[in-house]
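**Student:** Attaching a single structure in structure tokens format; questions to follow.
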Amino acid sequence: MLKRTNSYNFKIKHVTSLLLRVSLLAAIFLTGFSGKSRSEEKLKVATCQFPVSGNIQSNADYIKRFIKEAALNKADIVHFSEAALTGYPPKDIPSFENFNWSKLRDETYSIMSLAQKHHIWVILGSAHYISKNEKPLNCLYIISDEGKIVDRYDKSMLTGGDLRFYTPGDHTVILELKGFKLGFLICYDSCFPEMYNIYRHKGVKIMFHSFYNAHHKGKTILDEIIPAEIRVRASDNLMWVIAGNSSGHYSSWPTCIARPDGSLESLEREVPGILYRQFPDHDRTRNFSSWTHNNKIMKLSENEIYHNGTPSKHPRALDTCSLP
């Protein structure tokens with residue numbers, strides 16, 4: 001009896017071992033023995049440029065066209081420049097006095113519906129109304145593929161000119177999408193290394209940074225300094241920087257994407273278009289081997305203030321999921 005029991009146990013162990021080996025071989029076959037899990041997801045981003053103007057309808061038409069095109073090209077998320085829907089004061093509009101907020105809300109809702117229809121996330125540069133007694137926020141609406149505003153980043157570092165028209169924000173925004181942590185910044189934020197550092201401490205690897213450096217009379221220092229800042233912020237923080245700009249003449253630089261090694265890929269300046277990138281992207285640059293540095297993360301200052309000016313405490317400013 002004891003001998004038969006041992007024989008039976010041996011058969012069970014043999015079958016179990018065989019099943020484990022078959023399962024292992026199946027797992028290796030399914031992953032291509034590449035070390036990558038079947039569940040590893042791809043994230044395709046699209047960043048756009050067009051000549052932003054003070055005409056809400058014209059801006060909305062460009063935005064909707066690019067949403068459709070990005071969705072057709074199977075992008076998961078499409079990104080637009082600072083003030084893409086409203087226009088930027090005083091370049092495009094004299095101020096927000098007598099601004100058509102009703103039209104802005106209607107077009108924002110239409111864009112939200114389009115995001116839902118095409119099942120694509122939208123990062124929309126716009127302005128957010130607070131009250132008659134407070135200036136609006138210069139913002140990025142984070143619109144989900146279900147057509148909902150799930151969050152809003154408000155430009156924190158305002159220039160002296162910005163402070164004439166906008167109220168500063170005082171918070172960061174992080175979106176986790178397909179396993180990637182995404183951060184959001186606007187224009188002048190790039191001049192402050194601490195803005196990127198706070199996101200690095202939160203594990204962000206892809207930064208959506210919307211700019212408006214256009215409608216100048218000609219070449220300015222922005223032609224040189226902003227592309228340089230984009231590259232340095234990317235390489236110093238080991239991030240991808242998705243940098244969208246208006247293509248209105250004269251545009252200081254084109255929409256571009258910086259890799260963590262500081263190399264740059266750009267659209268043609270002043271020509272409307274979309275630039276795509278799929279993640280994870282481990283490709284080396286075409287002309288030289290990829291190289292990264294600064295693996296030592298910079299400490300956060302305990303008393304750092306991450307905004308210029310005085311942020312609003314109004315309920316409409318604090319509610320980051322509301323319409324303009």
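**Student:** Among the residues of region 302-317, how many are loosely packed, with under 12 Cβ neighbours inside 10 Å and either in contact (Cβ under 8 Å) with a residue 12 or more places away in the chain or not in a loop (DSSP other than H, G, I, E, B) (or both)?
**Tutor:** Qualifying residue count for the region: 3.
**Student:** Something else now. For region 184-197, give me each residue that is of a type outside the set (S, T, N, Q) and surrounded by 18 or more Cβ atoms within 10 Å (Cβ to Cβ).
**Tutor:** Within region 184-197, Phe184, Leu185, Ile186, Cys187, Tyr188, Asp189, Phe192, Met195, Tyr196 meet the criteria.
**Student:** Which residue, of Lys148, Lys117, Lys132, is among the basic types (Lys, Arg) and touching a helix residue (DSSP H, G or I) at 6+ places or on another chain (Cβ under 8 Å)?
**Tutor:** Just a single option satisfies the conditions, and that option is Lys148.
**Student:** How many of the residues making up region 220-261 are assigned to a loop (DSSP other than H, G, I, E, B) and of a type outside the set (S, T, N, Q)?
**Tutor:** So the answer is 11.
**Student:** Taking the condition buried (at least 24 other Cβ atoms within 10 Å of the Cβ), touching a residue at least 60 places away in the same chain (Cβ under 8 Å), touching a Leu at 6+ places or on another chain (Cβ under 8 Å) and not hydrophobic (A, V, I, L, M, F, W, C), does Ser81 pass?
**Tutor:** When the stated conditions are applied, Ser81 does not pass them.
A quick yes/no check of all residues on (1) out of contact with any Asp or Glu (no Cβ under 8 Å at 6 or more places or on another chain); (2) modelled with pLDDT of 95 or more; (3) assigned to a loop (DSSP other than H, G, I, E, B):
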residue: Lys44; (1), (2), (3): no, yes, no
residue: Cys48; (1), (2), (3): yes, yes, no
residue: Ile63; (1), (2), (3): yes, yes, no
residue: Glu97; (1), (2), (3): yes, yes, yes
residue: Lys103; (1), (2), (3): yes, yes, no
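**Student:** Next question. Select the strands (runs of 3 or more DSSP E) contained entirely in region 115-167, then report the ones holding at least 1 residues which are of a type in the set (Val, Ile, Thr) and crowded, with 24+ Cβ neighbours inside 10 Å.
**Tutor:** 121-128, 137-143
**Student:** Spot the failing condition for Tyr188; the list is (1) within 30 Å of Lys132 (Cα to Cα); (2) part of a helix (DSSP H, G or I); (3) hydroxyl-bearing (Ser, Thr, Tyr); (4) touching a residue at least 40 places away in the same chain (Cβ under 8 Å), and only one is missed.
**Tutor:** Every listed condition holds for Tyr188 apart from (4).
The values are calculated or read from the model by the stated rules, or taken from the named source; none is laboratory data. From a predicted model like this one, the values you see are computed outputs, not experimental measurements. Every residue, glycine as well, gets a Cβ built from its backbone with ideal geometry; the counts of neighbours run over all protein chains shown.
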